[in-house]
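Chemist: I'd like to ask you about the structure that follows.
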């Protein structure tokens with residue numbers, strides 16, 4: 001029946017109504033609030049992706065690029081080089097933003113796994129740790145980076161495309177001068193030789209977003225030069241070009 005601007009329904013068969021409700025939400029009345037988020041979703045909606053579906057923990061891979069790279073946590077030293085040599089990489093939970101995990105060595109943020117697998121591209125004077133973030137940088141990772149002074153030098157090395165530029169702009173907004181965009185050696189020639197116009201076109205909306213976020217007066221000259229070159233060429237340069245001559 002109509003009532004004001006809404007509609008009021010009357011349950012004429014409570015048994016059928018409860019059965020239909022259970023079909024939609026199997027454990028609506030008895031779900032344990034301490035269950036993992038996706039298990040709770042399954043109990044309430046029959047789908048792990050129903051409602052909020054973000055895992056409470058969020059892991060990123062961290063790898064040392066040379067002997068002597070260490071991290072510290074709660075006054076305890078962590079030999080990342082030894083762990084990387086033994087297990088390949090270390091998984092860290094970035095959802096724990098208040099953890100005191102820090103390093104005295106440079107920290108690299110890379111977008112593609114190839115640069116985590118093979119760290120020979122890292123300059124000798126910038127050896128440290130490589131963190132693989134994969135694609136779009138999450139807000140969780142940004143929060144983790146901002147919460148503590150994780151490293152004396154944080155170098156961001158993405159694909160030189162719209163997504164990479166937008167991620168850099170987001171980091172700059174959050175971290176200011178505490179993060180820098182790293183330009184691979186000979187990037188101008190490599191852009192001309194290996195640049196991809198399709199990748200650039202597909203990410204144009206992210207380029208516009210990056211430009212809105214960045215303050216040209218506060219950006220290093222080389223970053224502005226890169227942005228100008230990318231726009232003029234209409235090409236993107238993927239970071240694996242660092243391995244090419």
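The values are calculated or read from the model by the stated rules, or taken from the named source; none is laboratory data. The shown structure was predicted, so the numbers you read here are calculated from the model rather than taken from an experiment. Virtual Cβ from ideal backbone geometry, glycine too; neighbours counted across all protein chains shown.
Chemist: Among the numbered criteria (1) assigned to a helix (DSSP H, G or I); (2) touching a strand residue (DSSP E or B) at 6+ places or on another chain (Cβ under 9 Å); (3) surrounded by 13 or more Cβ atoms within 10 Å (Cβ to Cβ), which single criterion is violated by residue 188?
Modeler: Single failed check for residue 188: (2).
Chemist: Taking residue 82 as the residue in question, decide whether it is surrounded by fewer than 14 Cβ atoms within 10 Å (Cβ to Cβ), under 23 Å from residue 139 (Cβ atoms) and modelled with pLDDT of 95 or more.
Modeler: no
Chemist: Quick one: what pairs do we get from the stretch 64-89, first residue more than 17 Å from residue 151 (Cα to Cα), second exposed (fewer than 13 other Cβ atoms within 10 Å of the Cβ) and modelled with pLDDT of 95 or more, C-beta under 6 Å, 6+ apart or different chains?
Modeler: Final answer for the pair search is none.
Chemist: Just to be sure I understand, how many residues within the stretch 121-167 are farther than 23 Å from residue 100 by Cα and either in contact with a helix residue (DSSP H, G or I) (Cβ under 8 Å, 6 or more places away or on another chain) or buried (at least 19 other Cβ atoms within 10 Å of the Cβ) (or both)?
Modeler: Initial filter on the stretch 121-167 (farther than 23 Å from residue 100 by Cα): 121-125, 134-136, 157-167.
So of that shortlist, the ones also either in contact with a helix residue (DSSP H, G or I) (Cβ under 8 Å, 6 or more places away or on another chain) or buried (at least 19 other Cβ atoms within 10 Å of the Cβ) (or both) come out as 121-122, 135-136, 157-167.
Count: 15.
Chemist: While we're on this one: Among the residues in the stretch 162-184, are any more than 19 Å from the chain's Cα centre (by Cα) and under 23 Å from residue 121 (Cα atoms)?
Modeler: yes
Chemist: Please go through the stretch 32-72 and give me each residue that is surrounded by 14 or more Cβ atoms within 10 Å (Cβ to Cβ), part of a strand (DSSP E or B) and either modelled with pLDDT under 95 or under 22 Å from the mean Cα position of the chain (by Cα) (or both), ordered by number.
Modeler: 60, 61, 62, 63, 64, 71
Chemist: I need a count of the residues in the stretch 220-245 that are surrounded by fewer than 17 Cβ atoms within 10 Å (Cβ to Cβ), touching a residue at least 24 places away in the same chain (Cβ under 8 Å) and not in a helix (DSSP H, G or I). Can you show your working first?
Modeler: The initial filter retains those residues of the stretch 220-245 that are surrounded by fewer than 17 Cβ atoms within 10 Å (Cβ to Cβ), namely 220-222, 224-225, 228, 231-234, 240, 243-245.
Still in the list and also touching a residue at least 24 places away in the same chain (Cβ under 8 Å): 220, 222, 231, 233-234, 240, 243-244.
Cutting the leftovers down to not in a helix (DSSP H, G or I) gives us 220, 234, 244.
Number of matching residues: 3.
Chemist: So which of 112, 105 is surrounded by fewer than 19 Cβ atoms within 10 Å (Cβ to Cβ) and touching a helix residue (DSSP H, G or I) at 6+ places or on another chain (Cβ under 9 Å)? Full working, then the answer.
Modeler: Working: 105 fails: surrounded by fewer than 19 Cβ atoms within 10 Å (Cβ to Cβ).
Result: 112 is the single residue among 112, 105 that is surrounded by fewer than 19 Cβ atoms within 10 Å (Cβ to Cβ) and touching a helix residue (DSSP H, G or I) at 6+ places or on another chain (Cβ under 9 Å).
Chemist: Out of (1) surrounded by fewer than 14 Cβ atoms within 10 Å (Cβ to Cβ); (2) not in a helix (DSSP H, G or I), the odd one out for residue 180 is which?
Modeler: (1)
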